[in-house]
Amino acid sequence: MVSAHPGLVERAKNILVTPRTEWPVIDAEPSTVGGIYKNYVLVLAAIPAIAGLIGNALFGYSVLGVAYRVPIVTALSSAIATYILSLVSVYVLGLIIDALAPSFGGTRSQVQGFKVAAYSNTAGWVAGILSIIPQLVPIAGLLSLYGFYLLYLGLPVVMKAPKEKALAYTIVTIVAAIILFVVVGAVVGAVGSIFTPVMPAGAHIL
């Protein structure tokens, strides 16, 4: 039996290129949180983590004209933390989207909320490939902002919120997402510092 769900690559392409027509498709799909994790999130969320690991450990970055390479243990621990926290944060964001739905005239559904959280994160995960070159991380951050637009388009379709309330719904959700991002960043930084060995100055100069 052939699955009615599109493949990962096709779904990612469609949500990025033609989101207005893809959200109704996503809305109508029978899904589970576990299924979306297995078929989509687990793979895409690994892109920034793996790219960041390679970029930090192999290529390094430059500060004030001095090149540094992150110790492999630090890079690996940060990559693992980034991946795990990405999986957790998208789930939490889905719960927030679900909980906020009635406040903006929408319909509560944990699965539908997770759909919005997962698929609107596509831009950030795909842009994370640029982390393989640490100097391009700021560009990846800018590209990931497209996810806010995907969120704006998806909320009224998937959560059944009136279009006139979609902007407010989006703004409140974005605030929650930013808070999650800050928390995740702080935790990843803390994990990385734990595994950073104390070495003489210049030990990691390329």
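The values are calculated or read from the model by the stated rules, or taken from the named source; none is laboratory data. Model, not experiment: these values are computed from the prediction. Don't worry about glycine lacking a Cβ; one is built from the backbone with ideal geometry, like all the others, and counts go over all protein chains shown.
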Task: Residue match in the stretch 75-83 (condition: in contact with a helix residue (DSSP H, G or I) (Cβ under 7 Å, 6 or more places away or on another chain), closer than 22 Å to Pro138 by Cα and modelled with pLDDT of 95 or more) - done: no
- [ ] Please go through the stretch 19-44 and pick out each residue that is buried (at least 16 other Cβ atoms within 10 Å of the Cβ), hydroxyl-bearing (Ser, Thr, Tyr) and part of a helix (DSSP H, G or I).
- [x] Tyr37, Tyr40
TODO: Report the residue count in the stretch 9-18 for those that are of a type in the set (A, V, I, L, M) and surrounded by 15 or more Cβ atoms within 10 Å (Cβ to Cβ).
DONE: 3
Task: Close pairs from the stretch 74-90: first in contact (Cβ under 8 Å) with a residue 12 or more places away in the chain and surrounded by fewer than 21 Cβ atoms within 10 Å (Cβ to Cβ), partner among the aliphatic types (A, V, I, L, M) and not in a helix (DSSP H, G or I), Cβ under 6 Å, at least 6 apart - done: Leu87/Ala45
Open item on the list: The conditions are (1) at pLDDT 95 or above; (2) within 13 Å of the chain's Cα centre (by Cα); (3) not aromatic (Phe, Trp, Tyr), and Val92 fails exactly one of them. Which is it?
Closed with: (1)
Task: Answer from Ala99, Ala123 - the residue that is without any contact (Cβ under 8 Å) to a residue 24 or more places away in the chain, part of a helix (DSSP H, G or I) and within 19 Å of Tyr169 (Cβ to Cβ) - done: Ala99
TODO: Give the residues of the stretch 130-150 that are under 20 Å from Arg11 (Cβ atoms) and either more than 12 Å from the chain's Cα centre (by Cα) or outside any helix (DSSP H, G or I) (or both), sorted by residue number.
DONE: Tyr149, Leu150
Open item on the list: Restricting to the stretch 151-176, give me the number of residues that are more than 17 Å from the chain's Cα centre (by Cα) and within 17 Å of Ser89 (Cβ to Cβ).
Closed with: 1
Task: Options Ile178, Ile132, Ile97; residue that is within 21 Å of Val33 (Cα to Cα) and either out of contact with any helix residue (DSSP H, G or I) (no Cβ under 7 Å at 6 or more places or on another chain) or of a type in the set (Val, Ile, Thr) (or both) - done: Ile97
TODO: Give the residues of the stretch 45-72 that are part of a loop (DSSP other than H, G, I, E, B), surrounded by 14 or more Cβ atoms within 10 Å (Cβ to Cβ) and either of a type in the set (Gly, Ala, Ser) or at pLDDT 95 or above (or both), sorted by residue number.
DONE: Ala45, Gly60
Task: Filtered residue count, the stretch 94-125, keeping only those that are in contact with a Ser or Thr (Cβ under 6 Å, 6 or more places away or on another chain) and among the hydroxyl-bearing types (Ser, Thr, Tyr) - done: 0
